[in-house]
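**Student:** One structure follows; several queries about it will come next.
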Amino acid sequence: MKIIVVGCGKIGCTIIESLLAEGHEIAAMDNNPEVVTEIANIYDVMTVCGSGTDSDALIEAKAHQCELLIAVTGSDEFNMLSCFLARRLGAKHTIARIRNPEYNDKSLAFLKKELNLSMTINPESFVAKELFNLLKLPSAVKVETFSRGDFEMVELRLKENSPLDGVSLIELKRRHPDNFLVCAVERGNMLYIPDGNFVLKSGDKIGLTASSVNIQRLLKKLGLLQRQARNVMILGATRTSYYLARLLIAGGNSVKIIDPDRERCKEFSEILPEAVIINGDAARQELLLEEGIKSIDAFVTLTGMDEENMLLSYFANMHQVPKVIAKINRTEFMDTAVKLGIDTVVSPMKTVANVAVRYARALENSIGSKVETLYKLMNGNAEALEFKVTSDCKIIKIPFKDLPTKQNILVAGIIRGRKTIIPSGDDMILPDDRVVIISAGKRLNDLSDIIDRQR
(Lines give C-alpha, C1' and ligand atoms only; values in the text may rest on other atoms or scores of the structure.)
Protein backbone atom coordinates (compact mmCIF):
# COMPACT_ATOMS: atom_id res chain seq x y z
CA MET A 1 0.00 0.00 0.00
CA LYS A 2 1.08 3.60 -0.61
CA ILE A 3 1.26 5.38 2.75
CA ILE A 4 2.43 8.92 3.58
CA VAL A 5 3.77 9.78 7.03
CA VAL A 6 3.75 13.52 7.80
CA GLY A 7 6.08 14.44 10.66
CA CYS A 8 9.29 12.45 11.14
CA GLY A 9 9.92 12.86 14.85
CA LYS A 10 10.33 9.89 17.19
CA ILE A 11 6.78 8.62 16.70
CA GLY A 12 6.86 9.24 12.95
CA CYS A 13 10.11 7.27 12.59
CA THR A 14 8.72 4.37 14.64
CA ILE A 15 5.63 4.27 12.41
CA ILE A 16 7.79 4.37 9.26
CA GLU A 17 9.95 1.50 10.53
CA SER A 18 6.92 -0.61 11.50
CA LEU A 19 5.11 -0.04 8.19
CA LEU A 20 8.24 -0.78 6.16
CA ALA A 21 8.51 -4.11 7.99
CA GLU A 22 4.96 -4.78 6.75
CA GLY A 23 6.08 -4.26 3.15
CA HIS A 24 4.31 -0.96 2.45
CA GLU A 25 5.49 1.75 0.06
CA ILE A 26 6.21 4.77 2.27
CA ALA A 27 6.62 8.48 1.57
CA ALA A 28 8.01 10.53 4.49
CA MET A 29 7.29 14.28 4.77
CA ASP A 30 8.89 16.84 7.07
CA ASN A 31 9.66 20.54 6.71
CA ASN A 32 13.11 20.18 8.32
CA PRO A 33 15.76 19.47 5.62
CA GLU A 34 18.14 17.83 8.11
CA VAL A 35 15.44 15.45 9.30
CA VAL A 36 14.49 14.56 5.73
CA THR A 37 18.14 13.86 4.83
CA GLU A 38 18.52 11.61 7.88
CA ILE A 39 15.33 9.70 7.02
CA ALA A 40 16.55 9.18 3.44
CA ASN A 41 19.88 7.81 4.73
CA ILE A 42 18.27 5.37 7.19
CA TYR A 43 15.13 4.11 5.45
CA ASP A 44 14.25 2.96 1.96
CA VAL A 45 11.44 5.50 1.49
CA MET A 46 10.50 8.38 -0.75
CA THR A 47 11.17 11.69 1.04
CA VAL A 48 9.61 15.11 0.55
CA CYS A 49 10.90 18.23 2.30
CA GLY A 50 7.87 20.42 2.75
CA SER A 51 4.84 21.19 4.84
CA GLY A 52 2.00 18.72 5.22
CA THR A 53 -0.36 21.67 4.77
CA ASP A 54 1.17 22.68 1.41
CA SER A 55 -0.88 21.21 -1.41
CA ASP A 56 2.11 21.24 -3.77
CA ALA A 57 4.22 19.26 -1.29
CA LEU A 58 1.35 16.81 -0.74
CA ILE A 59 1.00 16.33 -4.50
CA GLU A 60 4.77 15.74 -4.73
CA ALA A 61 4.36 13.02 -2.10
CA LYS A 62 1.49 11.65 -4.25
CA ALA A 63 -1.25 12.20 -1.68
CA HIS A 64 -3.78 12.00 -4.52
CA GLN A 65 -2.74 8.36 -5.08
CA CYS A 66 -2.15 7.14 -1.53
CA GLU A 67 -4.33 4.72 0.40
CA LEU A 68 -3.41 6.20 3.78
CA LEU A 69 -1.89 9.42 5.16
CA ILE A 70 -0.78 9.56 8.80
CA ALA A 71 -0.05 13.02 10.27
CA VAL A 72 1.93 12.90 13.54
CA THR A 73 3.61 16.31 13.84
CA GLY A 74 3.72 18.12 17.20
CA SER A 75 0.66 20.25 16.32
CA ASP A 76 -2.86 18.84 16.53
CA GLU A 77 -4.26 21.54 14.27
CA PHE A 78 -1.51 21.02 11.68
CA ASN A 79 -2.23 17.28 11.64
CA MET A 80 -5.96 17.84 11.16
CA LEU A 81 -5.41 20.34 8.32
CA SER A 82 -2.91 18.05 6.62
CA CYS A 83 -5.40 15.18 6.71
CA PHE A 84 -8.21 17.41 5.45
CA LEU A 85 -6.14 18.60 2.46
CA ALA A 86 -4.98 15.07 1.68
CA ARG A 87 -8.58 13.85 1.58
CA ARG A 88 -9.55 16.70 -0.74
CA LEU A 89 -6.65 15.74 -3.00
CA GLY A 90 -7.82 12.11 -3.13
CA ALA A 91 -6.22 10.22 -0.25
CA LYS A 92 -8.51 7.32 0.65
CA HIS A 93 -7.87 7.24 4.43
CA THR A 94 -6.30 9.62 6.96
CA ILE A 95 -5.14 9.35 10.58
CA ALA A 96 -4.33 12.42 12.71
CA ARG A 97 -2.48 12.54 16.01
CA ILE A 98 -4.54 14.74 18.36
CA ARG A 99 -3.13 15.05 21.88
CA ASN A 100 -4.69 18.09 23.52
CA PRO A 101 -7.04 17.09 26.39
CA GLU A 102 -9.30 20.00 25.39
CA TYR A 103 -10.44 17.88 22.46
CA ASN A 104 -12.87 15.67 24.39
CA ASP A 105 -14.79 12.72 22.98
CA LYS A 106 -17.66 14.88 21.75
CA SER A 107 -15.47 17.42 19.95
CA LEU A 108 -13.31 14.64 18.47
CA ALA A 109 -16.39 12.91 17.06
CA PHE A 110 -17.42 16.22 15.48
CA LEU A 111 -13.95 16.82 14.01
CA LYS A 112 -13.73 13.29 12.63
CA LYS A 113 -17.02 13.73 10.84
CA GLU A 114 -16.40 17.25 9.52
CA LEU A 115 -12.78 16.61 8.45
CA ASN A 116 -13.55 13.09 7.17
CA LEU A 117 -10.82 11.60 9.36
CA SER A 118 -10.57 7.81 9.40
CA MET A 119 -9.08 7.79 12.89
CA THR A 120 -7.56 10.00 15.56
CA ILE A 121 -4.75 8.78 17.80
CA ASN A 122 -3.71 10.16 21.15
CA PRO A 123 -0.50 8.40 22.28
CA GLU A 124 -0.73 9.67 25.85
CA SER A 125 -4.35 8.57 26.22
CA PHE A 126 -3.59 5.13 24.75
CA VAL A 127 -0.66 4.64 27.12
CA ALA A 128 -2.70 5.85 30.11
CA LYS A 129 -5.34 3.19 29.39
CA GLU A 130 -2.59 0.58 29.06
CA LEU A 131 -1.15 1.67 32.43
CA PHE A 132 -4.58 1.65 34.06
CA ASN A 133 -5.16 -1.96 32.95
CA LEU A 134 -1.79 -2.95 34.39
CA LEU A 135 -2.55 -1.30 37.72
CA LYS A 136 -5.89 -3.13 37.86
CA LEU A 137 -4.01 -6.40 37.33
CA PRO A 138 -0.54 -5.84 38.83
CA SER A 139 0.50 -9.49 38.41
CA ALA A 140 0.78 -8.83 34.66
CA VAL A 141 3.58 -7.15 32.77
CA LYS A 142 1.22 -6.55 29.84
CA VAL A 143 -2.56 -6.66 29.43
CA GLU A 144 -4.28 -6.69 26.02
CA THR A 145 -8.05 -6.56 25.58
CA PHE A 146 -10.06 -8.09 22.74
CA SER A 147 -13.67 -8.05 21.60
CA ARG A 148 -14.54 -4.77 23.31
CA GLY A 149 -13.31 -6.01 26.68
CA ASP A 150 -14.83 -9.53 26.79
CA PHE A 151 -11.53 -11.37 26.32
CA GLU A 152 -8.04 -10.64 27.64
CA MET A 153 -4.49 -11.77 27.16
CA VAL A 154 -2.05 -11.13 29.98
CA GLU A 155 1.71 -11.55 29.96
CA LEU A 156 3.15 -12.66 33.30
CA ARG A 157 6.67 -13.34 34.51
CA LEU A 158 6.94 -16.55 36.55
CA LYS A 159 8.98 -15.52 39.57
CA GLU A 160 11.50 -17.65 41.42
CA ASN A 161 9.79 -20.54 43.23
CA SER A 162 6.62 -19.96 41.20
CA PRO A 163 3.89 -22.55 41.89
CA LEU A 164 3.93 -23.27 38.13
CA ASP A 165 7.66 -24.10 38.02
CA GLY A 166 8.13 -27.59 36.58
CA VAL A 167 4.45 -27.99 35.67
CA SER A 168 3.51 -29.19 32.18
CA LEU A 169 0.56 -27.54 30.44
CA ILE A 170 -1.34 -30.86 30.42
CA GLU A 171 -0.89 -31.12 34.18
CA LEU A 172 -1.87 -27.46 34.62
CA LYS A 173 -5.18 -28.03 32.81
CA ARG A 174 -5.74 -31.19 34.83
CA ARG A 175 -5.32 -29.26 38.08
CA HIS A 176 -7.31 -26.25 36.86
CA PRO A 177 -9.96 -27.21 34.27
CA ASP A 178 -10.92 -23.56 33.81
CA ASN A 179 -11.57 -21.79 30.51
CA PHE A 180 -8.02 -20.49 29.83
CA LEU A 181 -5.03 -21.16 27.59
CA VAL A 182 -1.27 -20.62 27.88
CA CYS A 183 -0.68 -19.55 24.30
CA ALA A 184 2.92 -18.24 24.25
CA VAL A 185 6.07 -18.64 26.34
CA GLU A 186 9.23 -16.55 26.14
CA ARG A 187 12.29 -18.22 27.69
CA GLY A 188 15.53 -16.31 27.31
CA ASN A 189 15.74 -15.33 23.65
CA MET A 190 13.40 -18.09 22.48
CA LEU A 191 9.67 -17.82 21.85
CA TYR A 192 7.46 -20.91 21.97
CA ILE A 193 3.88 -21.55 20.91
CA PRO A 194 3.56 -24.43 23.39
CA ASP A 195 1.73 -27.73 23.20
CA GLY A 196 0.43 -29.72 26.16
CA ASN A 197 3.81 -31.36 26.86
CA PHE A 198 5.56 -28.02 27.36
CA VAL A 199 6.95 -27.66 30.91
CA LEU A 200 6.96 -24.20 32.50
CA LYS A 201 9.97 -22.86 34.42
CA SER A 202 10.57 -19.97 36.81
CA GLY A 203 11.74 -16.95 34.82
CA ASP A 204 9.46 -17.72 31.86
CA LYS A 205 7.25 -14.97 30.51
CA ILE A 206 3.92 -16.55 29.64
CA GLY A 207 0.98 -15.30 27.62
CA LEU A 208 -2.34 -16.44 29.06
CA THR A 209 -5.79 -15.91 27.53
CA ALA A 210 -9.15 -16.02 29.32
CA SER A 211 -12.44 -14.17 29.51
CA SER A 212 -12.14 -10.81 31.25
CA VAL A 213 -14.62 -11.74 33.99
CA ASN A 214 -12.62 -14.84 34.95
CA ILE A 215 -9.05 -13.54 34.79
CA GLN A 216 -8.77 -12.35 38.43
CA ARG A 217 -10.23 -15.57 39.82
CA LEU A 218 -8.03 -17.66 37.54
CA LEU A 219 -4.80 -15.93 38.58
CA LYS A 220 -5.77 -16.38 42.22
CA LYS A 221 -6.30 -20.13 41.71
CA LEU A 222 -2.95 -20.37 39.91
CA GLY A 223 -1.21 -18.60 42.80
CA LEU A 224 -0.22 -15.68 40.57
CA LEU A 225 -2.57 -12.95 41.76
CA GLN A 226 -1.18 -9.72 43.22
CA ARG A 227 -3.60 -7.34 44.91
CA GLN A 228 -4.88 -4.40 42.89
CA ALA A 229 -2.90 -1.16 43.21
CA ARG A 230 -4.91 1.42 45.20
CA ASN A 231 -2.22 3.88 46.31
CA VAL A 232 -0.27 5.09 43.26
CA MET A 233 2.71 7.45 43.01
CA ILE A 234 3.40 9.00 39.57
CA LEU A 235 6.58 10.83 38.61
CA GLY A 236 6.18 13.58 36.03
CA ALA A 237 3.26 15.95 35.49
CA THR A 238 2.83 14.99 31.84
CA ARG A 239 -0.15 14.50 29.56
CA THR A 240 0.03 10.76 30.18
CA SER A 241 0.04 11.42 33.94
CA TYR A 242 -3.08 13.55 33.56
CA TYR A 243 -5.02 10.90 31.62
CA LEU A 244 -3.86 8.13 33.98
CA ALA A 245 -4.70 10.13 37.11
CA ARG A 246 -8.23 10.78 35.80
CA LEU A 247 -8.80 7.05 35.26
CA LEU A 248 -7.35 6.12 38.66
CA ILE A 249 -9.34 8.76 40.56
CA ALA A 250 -12.54 7.70 38.81
CA GLY A 251 -11.78 4.14 39.98
CA GLY A 252 -11.46 5.23 43.62
CA ASN A 253 -7.65 5.12 43.81
CA SER A 254 -5.44 7.63 45.64
CA VAL A 255 -2.92 9.41 43.40
CA LYS A 256 0.22 11.40 44.17
CA ILE A 257 2.10 13.18 41.37
CA ILE A 258 5.63 14.59 41.78
CA ASP A 259 7.19 17.10 39.37
CA PRO A 260 9.99 19.71 39.66
CA ASP A 261 8.17 22.35 37.56
CA ARG A 262 6.27 24.66 39.95
CA GLU A 263 3.95 26.12 37.30
CA ARG A 264 3.11 22.69 36.00
CA CYS A 265 2.26 21.56 39.52
CA LYS A 266 -0.06 24.57 39.96
CA GLU A 267 -1.83 23.67 36.72
CA PHE A 268 -2.25 20.02 37.79
CA SER A 269 -3.59 21.11 41.19
CA GLU A 270 -6.36 22.98 39.38
CA ILE A 271 -7.28 20.31 36.84
CA LEU A 272 -6.86 17.34 39.25
CA PRO A 273 -8.10 18.61 42.62
CA GLU A 274 -8.56 15.06 43.95
CA ALA A 275 -4.86 14.20 43.47
CA VAL A 276 -1.95 15.17 45.73
CA ILE A 277 0.53 17.24 43.71
CA ILE A 278 4.09 17.57 45.05
CA ASN A 279 6.50 20.15 43.63
CA GLY A 280 9.95 18.62 44.02
CA ASP A 281 12.82 16.75 42.39
CA ALA A 282 12.06 13.04 42.51
CA ALA A 283 15.72 12.28 41.77
CA ARG A 284 16.31 13.20 45.42
CA GLN A 285 15.85 9.91 47.20
CA GLU A 286 15.00 11.70 50.43
CA LEU A 287 11.92 13.22 48.80
CA LEU A 288 10.61 9.84 47.66
CA LEU A 289 11.18 8.40 51.13
CA GLU A 290 9.43 11.39 52.75
CA GLU A 291 6.45 10.97 50.41
CA GLY A 292 6.03 7.34 51.45
CA ILE A 293 7.53 5.24 48.64
CA LYS A 294 7.82 2.32 51.08
CA SER A 295 4.06 2.22 51.69
CA ILE A 296 2.63 2.66 48.17
CA ASP A 297 1.11 -0.06 45.97
CA ALA A 298 2.48 1.17 42.64
CA PHE A 299 5.17 3.49 41.30
CA VAL A 300 4.88 4.82 37.72
CA THR A 301 7.68 6.87 36.09
CA LEU A 302 6.41 9.10 33.28
CA THR A 303 9.08 11.80 33.00
CA GLY A 304 10.44 12.78 29.58
CA MET A 305 13.79 11.07 30.23
CA ASP A 306 14.11 7.31 29.77
CA GLU A 307 17.27 7.19 31.91
CA GLU A 308 15.57 8.91 34.84
CA ASN A 309 12.53 6.65 34.54
CA MET A 310 14.73 3.56 34.64
CA LEU A 311 16.91 4.64 37.58
CA LEU A 312 13.98 5.76 39.72
CA SER A 313 12.11 2.55 38.91
CA TYR A 314 15.17 0.61 40.05
CA PHE A 315 15.14 2.63 43.29
CA ALA A 316 11.46 1.73 43.79
CA ASN A 317 12.28 -1.95 43.22
CA MET A 318 15.01 -1.70 45.87
CA HIS A 319 12.34 -0.55 48.33
CA GLN A 320 10.09 -3.45 47.30
CA VAL A 321 7.23 -1.44 45.82
CA PRO A 322 4.76 -4.16 44.69
CA LYS A 323 4.24 -2.77 41.16
CA VAL A 324 6.76 -0.65 39.25
CA ILE A 325 6.16 0.62 35.69
CA ALA A 326 8.55 2.71 33.58
CA LYS A 327 7.86 4.63 30.39
CA ILE A 328 10.73 3.95 27.99
CA ASN A 329 10.78 4.99 24.34
CA ARG A 330 14.28 4.07 23.23
CA THR A 331 14.36 0.45 22.09
CA GLU A 332 18.02 0.04 23.04
CA PHE A 333 17.10 0.57 26.71
CA MET A 334 14.61 -2.31 26.88
CA ASP A 335 17.16 -5.04 27.68
CA THR A 336 18.78 -2.80 30.29
CA ALA A 337 15.41 -2.29 31.95
CA VAL A 338 14.89 -6.05 32.23
CA LYS A 339 18.37 -6.49 33.71
CA LEU A 340 17.51 -3.84 36.30
CA GLY A 341 14.47 -5.90 37.27
CA ILE A 342 11.94 -3.57 35.59
CA ASP A 343 9.60 -6.10 33.98
CA THR A 344 6.78 -3.71 33.12
CA VAL A 345 7.63 -1.11 30.49
CA VAL A 346 5.36 1.00 28.27
CA SER A 347 6.30 2.87 25.09
CA PRO A 348 4.03 5.52 23.52
CA MET A 349 5.90 5.21 20.22
CA LYS A 350 5.34 1.46 19.99
CA THR A 351 1.71 1.85 21.04
CA VAL A 352 1.01 4.32 18.22
CA ALA A 353 3.02 2.28 15.68
CA ASN A 354 0.92 -0.78 16.54
CA VAL A 355 -2.28 1.21 15.94
CA ALA A 356 -1.00 2.33 12.53
CA VAL A 357 0.05 -1.22 11.59
CA ARG A 358 -3.32 -2.59 12.69
CA TYR A 359 -5.21 -0.05 10.59
CA ALA A 360 -3.04 -0.69 7.53
CA ARG A 361 -3.40 -4.46 7.96
CA ALA A 362 -7.18 -4.10 8.17
CA LEU A 363 -7.24 -2.14 4.88
CA GLU A 364 -5.47 -5.04 3.16
CA ASN A 365 -7.91 -7.69 4.38
CA SER A 366 -9.14 -10.34 2.02
CA ILE A 367 -12.79 -11.23 1.74
CA GLY A 368 -14.05 -13.38 4.60
CA SER A 369 -12.57 -11.77 7.69
CA LYS A 370 -11.37 -8.44 8.98
CA VAL A 371 -8.61 -7.54 11.43
CA GLU A 372 -10.33 -5.83 14.36
CA THR A 373 -7.40 -5.76 16.81
CA LEU A 374 -3.66 -6.33 16.52
CA TYR A 375 -1.14 -6.41 19.35
CA LYS A 376 2.57 -7.07 19.37
CA LEU A 377 3.41 -9.59 22.10
CA MET A 378 6.54 -10.88 23.82
CA ASN A 379 8.71 -7.89 22.95
CA GLY A 380 7.41 -7.86 19.37
CA ASN A 381 8.27 -11.50 18.62
CA ALA A 382 4.63 -12.53 18.22
CA GLU A 383 1.30 -11.02 17.22
CA ALA A 384 -2.18 -11.44 18.59
CA LEU A 385 -4.85 -10.66 16.02
CA GLU A 386 -8.61 -10.53 16.41
CA PHE A 387 -10.58 -11.28 13.24
CA LYS A 388 -14.26 -10.59 12.64
CA VAL A 389 -15.61 -13.52 10.62
CA THR A 390 -18.09 -13.08 7.77
CA SER A 391 -20.25 -15.73 6.10
CA ASP A 392 -17.94 -16.04 3.09
CA CYS A 393 -14.88 -16.99 5.19
CA LYS A 394 -13.25 -20.09 3.68
CA ILE A 395 -12.68 -21.98 6.93
CA ILE A 396 -16.03 -21.72 8.74
CA LYS A 397 -17.90 -24.80 10.00
CA ILE A 398 -14.79 -27.02 9.87
CA PRO A 399 -13.71 -28.65 13.18
CA PHE A 400 -10.23 -27.51 14.23
CA LYS A 401 -9.04 -31.14 14.29
CA ASP A 402 -9.65 -31.17 10.51
CA LEU A 403 -7.92 -27.82 9.85
CA PRO A 404 -4.22 -28.16 8.91
CA THR A 405 -2.88 -24.99 10.57
CA LYS A 406 0.64 -23.67 10.05
CA GLN A 407 3.36 -24.11 12.64
CA ASN A 408 3.63 -21.40 15.31
CA ILE A 409 -0.02 -20.48 14.78
CA LEU A 410 -2.54 -20.92 17.58
CA VAL A 411 -6.27 -20.23 17.77
CA ALA A 412 -6.34 -18.69 21.26
CA GLY A 413 -10.03 -17.93 21.60
CA ILE A 414 -13.41 -17.50 19.98
CA ILE A 415 -15.91 -14.88 21.13
CA ARG A 416 -19.43 -15.86 20.09
CA GLY A 417 -21.89 -13.22 21.22
CA ARG A 418 -21.07 -12.78 24.93
CA LYS A 419 -19.63 -16.30 25.25
CA THR A 420 -15.87 -16.91 25.33
CA ILE A 421 -14.62 -20.25 23.97
CA ILE A 422 -11.13 -21.67 24.43
CA PRO A 423 -11.31 -24.00 21.43
CA SER A 424 -10.76 -27.75 21.38
CA GLY A 425 -10.46 -30.01 18.34
CA ASP A 426 -14.23 -30.37 18.01
CA ASP A 427 -14.92 -26.62 18.00
CA MET A 428 -15.29 -24.66 14.76
CA ILE A 429 -15.48 -21.08 13.53
CA LEU A 430 -18.92 -19.70 12.65
CA PRO A 431 -20.05 -16.50 10.87
CA ASP A 432 -20.05 -13.41 13.11
CA ASP A 433 -17.51 -14.98 15.49
CA ARG A 434 -14.54 -12.98 16.66
CA VAL A 435 -11.44 -15.17 16.56
CA VAL A 436 -8.15 -14.42 18.34
CA ILE A 437 -5.04 -15.87 16.67
CA ILE A 438 -1.51 -15.96 18.10
CA SER A 439 1.17 -15.92 15.40
CA ALA A 440 4.95 -16.13 15.78
CA GLY A 441 7.07 -15.24 12.76
CA LYS A 442 4.17 -15.10 10.31
CA ARG A 443 2.27 -12.08 8.98
CA LEU A 444 -1.48 -12.69 8.75
CA ASN A 445 -3.78 -10.48 6.70
CA ASP A 446 -6.76 -12.80 6.63
CA LEU A 447 -8.06 -15.57 8.88
CA SER A 448 -7.56 -18.14 6.10
CA ASP A 449 -3.81 -17.40 6.23
CA ILE A 450 -3.58 -19.76 9.23
CA ILE A 451 -4.07 -22.76 6.91
CA ASP A 452 -1.04 -24.78 5.77
CA ARG A 453 -1.94 -25.49 2.16
CA GLN A 454 1.01 -27.87 1.77
CA ARG A 455 -0.55 -30.38 4.18
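The values are calculated or read from the model by the stated rules, or taken from the named source; none is laboratory data. Being a predicted model, the structure only gives us computed values, none of them experimental. Don't worry about glycine lacking a Cβ; one is built from the backbone with ideal geometry, like all the others, and counts go over all protein chains shown. These area figures cover heavy atoms from the full protein model, side chains too; ligands, DNA and RNA do not enter into them. Shrake-Rupley method; radii C 1.70, N 1.55, O 1.52, S 1.80 Å.
**Student:** Please list the non-local residues whose amide H lies under 5 Å from the amide H of Gly413, H modeled 1.01 Å from N, same-chain partners needing a gap of 5 or more.
**Tutor:** Amide H to amide H, under 5 Å and 5 or more residues apart or across chains, Gly413 pairs with Val436.
**Student:** Let me ask something else. How much length, in nm to one decimal, is gained on full extension between Arg187 and Arg416, taken as 0.36 nm per residue of separation minus their Cα-Cα distance?
**Tutor:** Separation in residues times 0.36 nm, less the Cα-Cα distance, equals 79.2 nm.
**Student:** Starting at the first residue of region 233-246, write each ³J(HN,Hα) from the Karplus equation 6.51 cos²θ - 1.76 cosθ + 1.60 with θ = phi - 60°, in whole Hz, x for Gly and Pro.
**Tutor:** Running phi through 6.51 cos²θ - 1.76 cosθ + 1.60 with θ = phi - 60° gives 10, 10, 9, x, 8, 10, 4, 4, 4, 4, 5, 5, 4, 4 Hz.
**Student:** In whole angstrom, how far apart do the alpha carbon centroids of region 297-348 and region 92-157 sit?
**Tutor:** 22 Å
**Student:** Another one. Amide H of Ala184: which non-local residues (sequence gap of 5 or more, or other chain) have their own amide H closer than 5 Å, using H built in the peptide plane?
**Tutor:** Gly207
**Student:** Which lysines, on any chain, are close to Lys397 with Cα under 17 Å apart, when same-chain ones fewer than 8 places away are left out?
**Tutor:** Qualifying lysines at Cα under 17 Å: Lys388.
**Student:** Here is a further query. Which distance in Å, rounded to a whole number, links the C-alpha centroids of region 428-453 and region 192-214?
**Tutor:** So the separation of the two Cα centres works out to 20 Å.
**Student:** Looking at the chain, send over the antiparallel percent of its DSSP beta bridges, to the nearest 5.
**Tutor:** Counting only bridges with both partners in the chain, antiparallel ones make up about 55 percent.
**Student:** Evaluate the charge dipole of the chain about its Cα centre and quote only its size in Debye, nearest 20, assuming +1 on the Cβ of each Lys and Arg and -1 on the Cβ of each Asp and Glu.
**Tutor:** My answer is approximately 1660 debye.
**Student:** Given a 1.4 Å probe, how much area per residue of region 272-366 is accessible, in Å²?
**Tutor:** It amounts to 44 Å² per residue over region 272-366.
**Student:** Of the peptides 293-300, 220-227, 155-162, how do they stack up when ordered by the mean number of other Cβ atoms within 10 Å, highest first?
**Tutor:** Ranked by mean Cβ neighbours within 10 Å, highest first: 293-300, 155-162, 220-227.
**Student:** Can you list residues from other chains, or at least 5 along the same chain, whose modelled amide H is less than 5 Å from the amide H of Thr405?
**Tutor:** Those lying under 5 Å, H to H, from Thr405 are Asp452.
**Student:** Something else: Which value at 222 nm does the chain reach when only helices count, each DSSP H run of 4 or more adding -39,500 (n - 2.57), with the total divided by all residues and rounded to the nearest 500 deg cm²/dmol?
**Tutor:** One gets -9500 deg cm²/dmol as the mean residue ellipticity at 222 nm.
**Student:** Which entry in (1) 22.6; (2) 26.4; (3) 23.5 is this structure's computed Kirkwood radius over Cα pairs in Å?
**Tutor:** (3)
**Student:** Could you order peptides 316-324, 237-245, 134-142, 397-405 by the average number of other Cβ atoms within 10 Å of their residues, highest first?
**Tutor:** The peptides rank, most packed first, as 237-245, 134-142, 316-324, 397-405.
**Student:** May I pose another question? Aspartates and glutamates near Lys266 by alpha-carbon distance under 16 Å, same-chain residues fewer than 8 away left out - which ones?
**Tutor:** Once the sequence-local aspartates and glutamates are set aside, what remains near Lys266 is Glu274, Asp281.
**Student:** If R₀ is 25 angstrom, what is the calculated FRET efficiency for the pair Val213 and Ile271, using the beta carbon separation as r and rounding to 0.05?
**Tutor:** Working from the Cβ atoms, E equals 0.15.
**Student:** Step through the residues of region 374-384 one at a time and calculate ³J(HN,Hα) from phi using the Karplus curve (6.51 cos²θ - 1.76 cosθ + 1.60, θ = phi - 60°), rounding each to whole Hz and writing x for Gly and Pro.
**Tutor:** After applying 6.51 cos²θ - 1.76 cosθ + 1.60, I find 9, 10, 8, 10, 6, 6, x, 7, 9, 10, 10 Hz.
**Student:** A follow-up question, please. How many angstrom separate the Cα center of region 365-412 from the Cα center of region 218-247?
**Tutor:** 31 Å
**Student:** Something else about it: Given contacts defined as C-alpha pairs under 8 Å and at least six residues apart, what's the relative contact order of the chain, whole-number percent?
**Tutor:** The normalised contact order for the chain reaches 11 percent.
**Student:** Let me ask something else about it. Which entries in the list Lys142/Lys220; Lys370/Lys394; Lys201/Lys339; Lys173/Lys376 go over 21 Å, if you measure between the two C-alpha atoms of each?
**Tutor:** Lys173/Lys376
**Student:** Tell me, what HN-Hα J-couplings in whole Hz come from the Karplus equation 6.51 cos²θ - 1.76 cosθ + 1.60 at θ = phi - 60° for each residue of region 288-298, using x for Gly and Pro?
**Tutor:** 4, 5, 5, 8, x, 4, 6, 10, 8, 8, 8
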